[in-house]
Structures are given as structure tokens and as C-alpha cells.
1. Just the residues that are within 16 Å of the ligand (Cβ to nearest atom) and either crowded, with 24+ Cβ neighbours inside 10 Å or assigned to a loop (DSSP other than H, G, I, E, B) (or both), please, taken from segment 146-164.
2. So which residues in segment 73-103 are in a loop (DSSP other than H, G, I, E, B) and either within 13 Å of the ligand (Cβ to nearest atom) or free of Cβ contacts under 8 Å to residues at least 40 places away in the same chain (or both), if there are any at all?
3. Answer yes or no as to whether I295 is in contact (Cβ under 8 Å) with a residue 24 or more places away in the chain and aliphatic (A, V, I, L, M).
4. Would a scan of segment 113-123 turn up a residue that is of a type in the set (G, A, S) and within 16 Å of the ligand (Cβ to nearest atom)?
5. Could you list, in sequence order, the residues of segment 49-68 that are in a helix (DSSP H, G or I) and either hydroxyl-bearing (S, T, Y) or surrounded by fewer than 24 Cβ atoms within 10 Å (Cβ to Cβ) (or both)?
6. Has segment 212-227 got at least one residue that is within 16 Å of the ligand (Cβ to nearest atom) and outside any loop (DSSP other than H, G, I, E, B)?
7. Kindly indicate which of G97, G54, G74 is among the small types (G, A, S) and within 17 Å of the chain's Cα centre (by Cα).
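Rule-based calculations on the coordinates, nothing more; no lab input. All values derive from a computational prediction rather than experimental measurement. Don't worry about glycine lacking a Cβ; one is built from the backbone with ideal geometry, like all the others, and counts go over all protein chains shown.
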Amino acid sequence: MSIKVWDYLVEYAHEKKQINAAIQRVLDSGWLILGNNVREFENEFARYCSVTYGVGVNSGTDALFIGLKALGIGPGDEVITVSNTAVPTVSAIVSTGATPRFVDIDPATYLMDTSMLEDAITKKTRCILPVHLFGQCVNMRDVNSIARKHRIAVLEDCAQGHGALFYGKKAGSMSAISAFSFYPTKILGGFGDGGMVLTRTKRLYEKAQRLRFYGMKKTYYAIEHGYNSRLDELHAAILREKLKHLEGYILKRIQLAGVYDALLKDTGLILPRTAAGNRHAYYLYVCRHAQRDRIIDELKQKDILVNVSYPWPIHTMTGYRYLGYRRGDLPHTEKAAKEIFSLPLYPSLTGSQQMNVIDTLKSIMKRLA
Ligand SMILES: Cc1ncc(COP(=O)(O)O)c(C=O)c1O
């Protein structure tokens with residue numbers, strides 16, 4: 001039986017009754033856009049993250065874009081982030097008219113190397129955008145102290161960080177504004193696109209609310225240029241049901257990661273390293289090996305599918321060549337892109353499926369030794 005990179009059907013089977021009932025309630029309510037479910041989900045998710053305000057939007061990309069716009073980022077500004085991330089981190093920056101600037105990653109955790117931040121700051125730098133990649137947080141103590149010193153804003157990209165903790169603080173609660181994705185594969189994923197902006201600041205909250213709704217505060221009257229980026233009632237209702245299980249799902253992810261850690265530790269694979277102060281939420285269980293492509297091929301032959309996030313650093317992609325980076329500029333990012341891959345890990349992965357992955361990997365690794 002094939003083992004997928006990700007599979008929502010088993011989870012859905014467990015929650016079907018509640019989710020279908022929530023969908024039915026929305027359809028029967030007579031209200032489809034920006035209603036009670038969106039408001040309640042904004043409150044519930046903000047509370048889960050220990051933040052005051054939430055603004056539901058269309059996607060994680062829009063949450064980043066609207067968050068940056070709310071901070072006033074635009075043409076002429078520079079935003080520091082990493083090249084080892086999903087393309088939307090960078091495309092959201094570019095959509096504001098600002099220029100992304102990259103720092104390299106820590107090769108052990110694949111997260112932003114915060115020791116490189118100060119050297120990347122220029123007169124144009126307006127924001128640092130750390131990405132809490134694969135389910136664990138960037139060192140936000142470093143990011144925030146550097147940002148304070150240079151009086152620049154911080155926006156956390158939490159698309160992969162739902163429920164991750166840094167010294168007890170939730171991802172998304174450690175900066176002026178943060179952005180989440182509810183894309184189906186995410187730790188908290190819906191059945192379509194969705195995202196949320198979180199903030200503690202009323203001014204940023206109200207600005208983000210206007211930006212997602214044509215710049216309007218009052219219906220039909222725009223007080224500024226805005227966009228259309230609304231989370232809809234159906235998705236909010238589904239996400240409210242899924243939020244009830246989020247903590248349990250994260251604990252399951254941590255347990256599955258513990259099994260991989262224990263049983264793969266002497267195989268020659270480099271296993272994920274948890275950064276200091278983190279509760280890793282294991283959005284992805286990222287391994288590393290110089291012969292990655294061969295390992296992936298052999299797993300595929302046994303019907304085990306794995307994921308590579310990300311095979312191409314963004315600064316080397318055709319679409320972003322104009323930024324002026326060259327191969328060799330971010331050596332740790334570039335090397336990791338050739339060697340990392342992630343094993344199947346999601347709450348509905350069964351013990352026997354996981355043992356199948358482990359046994360197959362062990363025999364591949366023995367042959368490679
Ligand atoms: C790190 C990161 N940032 C941003 C996004 C964008 O989220 P969405 O796909 O909901 O637009 C994603 C999802 O792919 C992501 O992984």
C-alpha cells in the first residue's frame with residue numbers, strides 16, 4: 001500500500017460528522033461572507049496564539065502581503081528574510097514593491113542564521129521577516145533585540161509554525177504582526193485556501209481589516225486603496241472544528257517524530273535538530289543526506305513518497321534572478337537544498353505505516369553504507 005506525503009482523508013473520516021454539520025450550519029444560516037464564523041475563528045485562533053486580534057484572509061500569501069502593507073512597507077524598502085522558504089514568503093514582499101534581502105541559514109536547523117542579520121541591515125531596511133520553517137521558531141530573542149536596536153519592524157511567517165513554541169511563547173505572538181496559512185497541508189489546514197494576520201496592536205488590526213476588504217470601514221466607502229482577501233464563512237467554520245483538535249494533532253506529530261528519532265538514529269541519516277528553546281511542532285520531519293535523490297528514488301520504488309522542501313533556493317530561481325544574487329552567495333542554503341527531504345509525518349499516519357517507512361529506509365541506508 002502506498003504511503004503518501006500527506007493524506008487528509010483518514011483525519012476527515014474521524015471528524016466527518018462535526019465538519020459536515022458545521023458546513024450545513026453555514027449553508028442554512030443565510031450568511032456566507034464575513035459573518036459569525038470568521039469573527040469567532042479570528043478570536044479563537046488569536047486566543048490560541050496568545051495574541052489580541054486576528055484578521056482572516058484568503059491565504060498565507062495574502063496574510064504576509066497585508067501584514068507588510070499594514071506596517072507601511074512599500075517601494076524603496078528592504079525586507080530581510082531567507083531564501084530557504086516557500087516562494088510566497090518572497091512573492092509577498094515583492095508584491096508590496098519592497099525588495100527582499102536574504103541571509104543564510106543555520107545548517108543544523110535550516111532556520112534563519114540570526115548572527116548574520118546585522119550585516120544585512122542597510123539604510124533601506126524596514127522589516128525582518130523570520131520564517132518559522134518546518135514547525136520550529138527562529139531565535140526571536142535575537143531577531144527582536146536586533147530589530148529594536150535598529151528600529152525596524154518584525155513580521156513572523158508562521159505558515160509552517162502553528163503551535164510551535166519558543167521559550168514558551170507561541171509562534172505568531174513574538175512580533176508586531178504575524179502571518180498564518182491554513183492551506184490544507186498545514187498543521188492547521190482547511191479544505192481550501194485561507195490565512196490569518198495576527199497582531200496585538202489595534203491600529204494594525206484595523207488597517208489589516210480594511211486592506212482585506214477594498215479599503216473599506218463602512219460598506220461601499222473606501223477610505224484607502226485596498227484589496228479583496230476574505231476568509232469565507234465555510235472555511236472559517238471548518239477551521240473552527242479543526243482548531244479543537246490542533247493541540248492533540250501537534251502532540252501526535254511530536255510522538256511520531258520521537259519514533260523516527262529513536263529508530264533512525266544510527267542509520268547515517270542526519271535527523272532534525274530542535275533549536276534551543278523550541279517546542280518543534282513537526283510540520284515536516286526533515287532529514288538530510290548527500291545521496292538524497294537516490295534514497296528518494298528507492299523509497300518511491302517501495303511506494304513510499306517523500307517531500308523535498310525546498311529543492312531550489314529562491315535566490316537562484318529565474319523569477320528572482322533580478323535581485324542580483326549568485327550561486328555561492330548563500331552556501332548553507334544552497335547545500336541544504338541538494339540534501340534535505342522529509343519523511344511522511346501527519347496525525348493519521350499509522351504505526352504500521354511508520355514502521356514500513358523506517359524498515360525500508362534502514363535497508364536502503366545499509367546498502368549505502
Ligand atoms: C513558509 C510559507 N510562507 C507562506 C506560505 C503561503 O501560504 P499560502 O499557500 O496559504 O498562500 C506558505 C505555504 O505554502 C509557506 O510554507
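1. Passing the criteria: L155, E156, D157, C158, A159, Q160, G161, H162, G163, A164.
2. Initially, segment 73-103 is screened for residues in a loop (DSSP other than H, G, I, E, B), giving 73-77, 83-86, 96-98.
Result: G74, P75, S83, N84, T85, A86, T96, G97, A98.
3. In short, yes.
4. So far as segment 113-123 goes, no, none of its residues is of a type in the set (G, A, S) and within 16 Å of the ligand (Cβ to nearest atom).
5. T61
6. The initial filter retains those residues of segment 212-227 that are within 16 Å of the ligand (Cβ to nearest atom), namely 212, 227.
Those still in the list that are outside any loop (DSSP other than H, G, I, E, B) too: none.
Looking through segment 212-227, none of the residues is within 16 Å of the ligand (Cβ to nearest atom) and outside any loop (DSSP other than H, G, I, E, B).
7. None of the others qualify; the one that does is G54.
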